[in-house]
Every structure is written in C-alpha cells, then in structure tokens.
1. Which peptide among 199-211, 89-101, 64-76 comes first, and what is the full order, when sorted by highest mean count of other Cβ atoms within 10 Å?
2. The range 179-415: Rg/Rh from Cα coordinates, Kirkwood Rh?
3. Okay, helix-only estimate at 222 nm for the chain: each DSSP H run of n ≥ 4 adds -39500 (n - 2.57), divide by all residues, round to 500 deg cm²/dmol; what do you get?
4. Find the centroid of the Cα atoms in the range 247-272 and in the range 1-21, then give the distance between the two in whole Å.
5. Quick one: if the Förster radius is 25 Å, what FRET efficiency do residue 99 and residue 16 give, using the C-beta to C-beta distance and rounding to 0.05?
6. Looking at the P(r) of the range 247-387, how many percent of alpha-carbon pairs lie beyond 25 Å?
7. What number, in percent, do you get for the relative contact order of the range 179-415 if the mean sequence gap of Cα pairs under 8 Å and at least 6 apart is divided by its residue count?
8. What is the helix-to-structure angle for 218-229, meaning the angle in degrees between its Cα long axis and the longest Cα principal axis of the chain, kept from 0 to 90 and rounded to the nearest 10?
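Computed from the coordinates by the stated procedures, all read-outs in this text should not be read as laboratory data. Treat the numbers as computed from the prediction; the structure is a model and nothing was measured. Every residue, glycine among them, receives a Cβ derived from its backbone with ideal geometry; neighbour counts consider all protein chains shown.
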C-alpha cells in the first residue's frame, strides 16, 4: 500500500519573485511548530508545494486539519505517494476517488515537473481515466466543471495522487511581515483583528488593558484563552497585561464625563506605542469598526490617533458586527468572546459619551491630569505571559515581570530590569 502524505499548496507565496524561498522557508518553520504534537516525519519543498510526511508513513486527517490552520496554506491535500509504475498510481487514483465523497462526474488532471518521464500528461490522463471508468462505471467523465478531479503529479521521480483537499486560511506565513502590537480585549472585534493581521504575515504581540484592581481578573483569563484559541495560526508570541483600573478612576475624576472614553483610549494607545517601541514593532492594531460605538466615529478616532506617531492598522474598519462575529466563529474565539465579564471597557462608563469630540476640548481634558507620569507608571507595571507557539517571535530584554497568576512566579524586584 502506498504511503499517505500531505501536499501543502500555496497561492500567494507562488507570486513572489526572488524572495519566494524566504516565504517558503518561513512556512516550513511554522509548519514544524504547528505539527509538534503529531507523528511527524519530514517537511520539505517539492516543486511548488510543501511535502509533509509522517514517521509512520501515513499522515492523518487531524494532521491535515492542523496544517490548514497555518497562515500561508491555501489548500492541503491527503495524497498517495507512489512510484512511476502506471498500475500503482492508477490503483491509488481509484482509492483517492472512492474517498472523495458523493460525486456524479469526474476527470483526471495530470502534470509533470519531471520531463524525463516517458509518458506525457495526455497519456497519463488517458491511462488513469480508463482505470477509473472501469472502477466507477456509473459515473461520467466531464472535462468542464466536474464534481471531482483526480490529480496525478509527477515530481522528482515520484507520483502524488489525490482528489480531496481541505481549504486553508491562505495569506502569508507569520514572520514575513514584521511585528505588530495589537490592543486585545475579550470581546469579538480585537481577536478577529489580531488574527487578520497575523494571516497577513505579521507576528502579533497583544496588549490587554485590565480593569484590575477595580474589577476581577476574569478578562485576563479570557484573553489568555483567546490566545490559546489562536495557537493553531502561530500568530501570538507574548501577551502583555496592563492593570488599568486605578488609573481609569483617576481619569474619571479629572476629565469631563463625556470625554472619559477618548481619554482612556489615548492613554491605551500611548502605552501600547511605548511597548511597541521596546518590542521593535512597526505598527499598532485595533479592532475598531467605523461608527460601531461612540469612540469609533471619525472625529474620535482622529482625537485618539494623534497620540501616536507609528501607523495604526484597523483591519475591521469597514466590517459590520455580523461579519465580525461570523469570522470569530471561524477562528474559534466566538464562544470565549460571548462571555460577559467586567473589564476596563465597562469601567466608569459615561452616561452620554462624546461622539464628535473637538480637539481643543480633548486637549484641555488631557492637560487636566499628569498623563506623562501615568503612562510611565503603567509601562513600568506591565506584566506578561509568553506563548510557545510563534517561531518568529523574539522577546525584548526590557521586561522580566511575569503575570502574577497566569504566568510563572514573579521575578524578584532587583532583577526585573535585567536581561533575559
């Protein structure tokens, strides 16, 4: 019986030029990390595909499913690995088509990357097609828009035969687009925004602003679970937690009620940018959707944006809530985000938030408290939790303050600013 392997297909990477091998190598690295729980044999590049084998000789559907969740993978096919013998790969074609599921019509699509093989693709199509017609006499051959297609790929002295494929998440391999800091809450929007920029090749470093000590730490646990849910994509290297509750109380006492949310967000972006500079990140990412809530009108976004000098990416800016929730279901964060918990977003909320803030009023509110000292203090008390799921993540040497409960024991104070 021929070995069963996974053929990984990529589309967007194939459009790259001289740096294509960089993207392919990063995808191979990411697949190694994603497949650590499995009986992995080897992963290597073969003629426009990536070949994944199992140590036992037969990969599983579960392994193929894990591969499909890795950004950069367009499709993954469970294929039979055969020799150049026509009878062997024709028999494999019968098996592959029988495993396809329900179909009424089919065709054979052969392709050679090894022109030394004596049979032309048209001859392979004819020979394999005859065997399939004999094996499935009640099915018809349809050259245009068939229900099933049996692929026969002749590559480097081997033949790969498959019919069914799982759709992957597409995009680019994580680690090929630099590092970003994302503002992560336990709601629907920001986890989806984080996943979307990770799917475009960015290494994501989430920052969660907790309402602690004015609220419980439940939102922090949910954010950890959300990062775990995103683990198959390999996008998350580290989660930062900023205890923000006490500072929110100070802001609520100092600024006009209608401008509280804008002031909160200005502080959040300023702290996140400081973290991004230390991390070596090139942009911030938020889950804002235009007009969805009071703080996400164009006037208010502009009032918050002026706090930072680096780009702020908003991948959901044109999405509505239903679209975002459907995406959350696809990536596995929907159930977690459905849980109602208190966090900094619900703390000291104004009854009538400003929807079209005037910059002069925002500046006056900003100058009513010592914002620089607040930002310095928040950055100084950042906590973090590392995730061993992102091979492209490199931690900075600035912090050694682990999260007090989610992570390992807190490092003694005298070594907090040392090197890792």
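1. Values: 199-211: 25.3, 89-101: 19.5, 64-76: 22.1.
Sorting 199-211, 89-101, 64-76 by mean packing, highest first, produces 199-211, 64-76, 89-101.
2. On the way: Rg = 16.7 Å, Rh = 17.9 Å.
Ratio of gyration radius to Kirkwood radius: 0.94.
3. Working: 13 runs with 145 residues, N = 420.
So the calculated ellipticity at 222 nm is -10500 deg cm²/dmol.
4. Value for the Cα centre distance between the two parts: 48 Å.
5. Working: r = 33 Å, r/R0 = 1.32.
FRET efficiency, residue 99 to residue 16: 0.15.
6. Details: 3213 of 9870 pairs.
Above the 25 Å cut-off, the range 247-387 has 33 percent of its Cα pairs.
7. 30
8. That helix lies at roughly 20 degrees to the long axis.
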